[in-house]
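Participant: What follows is a single structure, and I will ask about it in a moment.
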There are 4 protein chains.
Amino acid sequence: MVTDAQQACFEAGIKFGSLYHQFAGTPVSPRSTRSLETAIAESIENQPFCESVTVAIDDDAVAADIAHDNGYTELSGHLMQVQMRIVYEGVTVRTRMEMEDGYPLMKLVEVIDDGTADA
Amino acid sequence: MVTDAQQACFEAGIKFGSLYHQFAGTPVSPRSTRSLETAIAESIENQPFCESVTVAIDDDAVAADIAHDNGYTELSGHLMQVQMRIVYEGVTVRTRMEMEDGYPLMKLVEVIDDGTADA
Amino acid sequence: MVTDAQQACFEAGIKFGSLYHQFAGTPVSPRSTRSLETAIAESIENQPFCESVTVAIDDDAVAADIAHDNGYTELSGHLMQVQMRIVYEGVTVRTRMEMEDGYPLMKLVEVIDDGTADA
Amino acid sequence: MVTDAQQACFEAGIKFGSLYHQFAGTPVSPRSTRSLETAIAESIENQPFCESVTVAIDDDAVAADIAHDNGYTELSGHLMQVQMRIVYEGVTVRTRMEMEDGYPLMKLVEVIDDGTADA
């Protein structure tokens, strides 16, 4: 037995894992942060039940991460903040990725049932 | 408010999205299916709350997918079956990826609460 | 002994392999092709010696590839054309990815030495 | 006009970019280094003209990279050494990835023409 809220949370997790492992490692510099943010968000919004994705890549963190002369670094969790809203059968799930103890943690922020979901 | 079962389902989804988007696109042939299965499983089992991952890449499907002379194809959902067990705070979640209508669907199979989880 | 022209060709190959394996598998639909094209090009242009990258994702091919109800597909070689120009120590290398016998082939189009490169 | 040696170097670059951007970001711990090394090598050896790939992931570096409690890190260039041999139309290309000034550099080590290649 799986409830609609549990299914909604599963769907939310899929989107987060997809986003991270599709785009981590992408070459990025302060010149290319905006286009990468947009592409990540629009790409993941294609997935089912994914209502909205917001990606903010931190230009200063990217610049600080460029340790070598080549002028770019690779996208990873400590360089971006992500928020997503998933809606599945009347259940809205909000998620966020943010740094915690130096580790980019994917968090389930809230699960809101509009009253029509199967328990 | 998020229940342990919902958090467990979120974690299960993260693992599935991670597995798929990390490894989809990997060059594969019938000569390299076994090592890829093992590496995928052991890699994702590193993630938190992930008790076991089983990956079965279909050698016949891989061979059939090799349309050109180069002798390999790229890993994608229709070439493999995946099963995972996630355990979070007394909640066990079983998931599976299998083909449905020609599309590799990630499924939440069951959510089992051992009675100690927070509702 | 490695010539500048050989090094330039090696660099060109790195960019092509990077582009393909970073972005293949990205969820894409006709709604998100333009942002993905831009992000891919700007991302790879960050890499050393990479003067320009042009990516054209074929909207009609993407639409035709959407076989299931979910409304998106995964980026792969048959959905896009890519052109790159690499410049290394006076050697310009032009490359292109295009379909050949149903397989997306990465091609070295021309290698132009401006006369200053080490032979 | 493209020589066989230039084409061989282009092919060598493709393999390196593919390897790096396919597998960077993979969850890894000292428990899963051996299976990942094997899978990476066997996967890339599927690609055309790729005679051999050797991947050595540094267990100590992986352990040192595990900064947080989760017990794993993500594969990136500073954790591994890679050597490849590409053979194209009588030209053998040897490549290596190793750290230089804190940055994982992909290097063209040597290009050996057996005397039958087109100049």
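Participant: Specify the residue that is least open to solvent (accessible area, probe 1.4 Å); the eligible residues are those in the range C:1-18 that are more than 7 Å from chain D (Cβ to nearest Cβ) and not in a loop (DSSP other than H, G, I, E, B).
Facilitator: Only one residue tops the list, namely C:8.
Participant: Is it the case that the range A:65-75 has a residue that's of a type outside the set (A, V, I, L, M, F, W, C), in contact (Cβ under 8 Å) with a residue 60 or more places away in the chain and open to solvent by 70 Å² or more (accessible area, probe 1.4 Å)?
Facilitator: no
Participant: Answer yes or no as to whether residue A:49 is aromatic (Phe, Trp, Tyr) and facing chain B (nearest Cβ under 9 Å).
Facilitator: It is false that residue A:49 is aromatic (Phe, Trp, Tyr) and facing chain B (nearest Cβ under 9 Å).
Participant: Of the residues that make up the range B:31-44, is at least one over 13 Å from the mean Cα position of the chain (by Cα) and basic (Lys, Arg)?
Facilitator: yes
Participant: Quick one: would you say residue D:24 is closer than 15 Å to residue B:23 by Cα and in contact (Cβ under 8 Å) with a residue 40 or more places away in the chain?
Facilitator: Yes, satisfied.
Participant: Could you please find all residues in the range D:54-83 being farther than 16 Å from residue B:42 by Cβ and within 11 Å of another protein chain (Cβ to nearest Cβ)?
Facilitator: Scanning the range D:54-83 gives D:67, D:68, D:69, D:76, D:77, D:78.
Participant: I'd like to check something: does the range D:32-53 contain any residue that is assigned to a loop (DSSP other than H, G, I, E, B), closer than 26 Å to residue A:78 by Cβ and of a type outside the set (Phe, Trp, Tyr)? Spell out how you get there, then give the answer.
Facilitator: Step one: list which residues in the range D:32-53 are assigned to a loop (DSSP other than H, G, I, E, B), which gives D:32, D:45-49.
Next cut, closer than 26 Å to residue A:78 by Cβ only: D:32.
Now drop any that are not of a type outside the set (Phe, Trp, Tyr), which leaves D:32.
Within the range D:32-53, one or more residues are assigned to a loop (DSSP other than H, G, I, E, B), closer than 26 Å to residue A:78 by Cβ and of a type outside the set (Phe, Trp, Tyr).
Participant: Is it true that residue A:53 is more than 15 Å from the chain's Cα centre (by Cα), under 18 Å from residue C:38 (Cβ atoms) and of a type outside the set (S, T, N, Q)? Walk me through it before giving the result.
Facilitator: On the way: more than 15 Å from the chain's Cα centre (by Cα): no; under 18 Å from residue C:38 (Cβ atoms): yes; of a type outside the set (S, T, N, Q): yes.
Against the criterion (more than 15 Å from the chain's Cα centre (by Cα), under 18 Å from residue C:38 (Cβ atoms) and of a type outside the set (S, T, N, Q)), residue A:53 does not qualify.
Participant: Looking only at the range A:24-46, count how many residues are of a type in the set (Val, Ile, Thr) and at the interface with chain C (Cβ under 7 Å from one of its Cβ atoms).
Facilitator: Adding up the residues that qualify gives 4.
Participant: In the range B:93-116, which residues are surrounded by fewer than 16 Cβ atoms within 10 Å (Cβ to Cβ), at pLDDT below 95 and within 17 Å of residue B:51 (Cα to Cα)?
Facilitator: B:114
The values are calculated or read from the model by the stated rules, or taken from the named source; none is laboratory data. All values derive from a computational prediction rather than experimental measurement. Neighbour counts are summed over all protein chains in view; Cβ atoms, including those assigned to glycine, are modelled from backbone coordinates with ideal geometry. The accessibility values were calculated without ligands, DNA or RNA, using every heavy atom of the protein model including side chains. Shrake-Rupley method; radii C 1.70, N 1.55, O 1.52, S 1.80 Å.
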